[in-house]
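Below you'll find the structure, written out as structure tokens, and then a few comments.
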Amino acid sequence: MKIVLVTPEIPYNTGAIGRTCVALDLELILIKPYGFSLEEKAVRRAGMDYWKHVQLSQFDSWDAFVADRKPQRESLYFFEQYGAQSVYDPEYQQDGYLVFGCESKGLPASVLEGMEDRTFSLPMRSPLVRSLNLANVATAVVYQAMRTQLS
């Protein structure tokens, strides 16, 4: 499995997700533009001394990523606050791409267009919370996706 961050804005989240990727031996794919530099101390601090071990791939745009990787539609899983389906619904492919948008805006409409059946959300019970931290969501999702593969 691979985690894809589309235009991430907060270096701490990217660093923490990178550390999760190292722990689970997953590739981290970043789609530009970023709201920070990968050289920032914040990325390395959140990723701790694990950042150097991140299997990192970078692409200039979503279109460049799709052109290079040519992902099968069934291998794409998009995560949005208002996704029509729960993260608990799909049967995740072992080589799936778990795709997350930036912290302030989520995924661009152009990326989600025609992918309504591939869009999922992490349930929140309380109406008092607008959203969850991206690093927390990505970690919860990837463990759910991998739960049958880790045993």
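Computed from backbone phi, the HN-Hα couplings of region 53-67 come to 9, 5, 7, 9, 10, 10, 9, 6, 7, 4, 4, 5, 4, 4, 5 Hz, rounded to whole numbers (Karplus: 6.51 cos²θ - 1.76 cosθ + 1.60, θ = phi - 60°; Gly and Pro given as x).
The convex hull of the Cα atoms of the chain, projected and averaged over all directions, covers 8.8 nm². Taking the accessible area of the chain, probe 1.4 Å, and keeping the other protein chains in place, the carbon and sulfur fraction comes to 50%. Packing, as the average of other Cβ atoms within 10 Å across residues, places the peptides 113-121, 66-74 in the order 113-121, 66-74, highest first.
How much accessible area per residue does region 1-98 have, in Å², with a 1.4 Å probe?
Working: 5090 Å² over 98 residues.
Heavy-atom SASA per residue in region 1-98 reads 52 Å².
Its relative contact order, with pairs defined as Cα atoms under 8 Å and 6+ residues apart, puts the chain at 28 percent.
Beta-bridge orientation, region 37-151: approximately 10 percent antiparallel, per DSSP, counting only bridges with both partners inside.
Does region 1-61 classify as rounded, prolate or oblate by the C-alpha gyration tensor (a ≥ b ≥ c root eigenvalues; a/c under 1.5 gives rounded; else a/b over b/c gives prolate, otherwise oblate)? Since a/c reaches 1.5 but b/c is at least a/b, the shape of region 1-61 is classed as oblate.
Between Glu91 and Arg130, what is the FRET efficiency for a Förster distance of 35 Å, r being their Cβ-Cβ separation, to the nearest 0.05? Please list the in-between numbers first.
Numbers: r = 30 Å, r/R0 = 0.85.
So the FRET efficiency works out to roughly 0.75.
The values are calculated or read from the model by the stated rules, or taken from the named source; none is laboratory data. Predicted model only: the values in this text are computed from it and were never measured. In this analysis, Cβ positions are derived from the backbone assuming ideal geometry, glycine residues included, and neighbour counts consider all displayed protein chains. The protein model used for the area step is the full one, side chains on, heavy atoms only, and it has no ligands, DNA or RNA in it. Shrake-Rupley method; radii C 1.70, N 1.55, O 1.52, S 1.80 Å.
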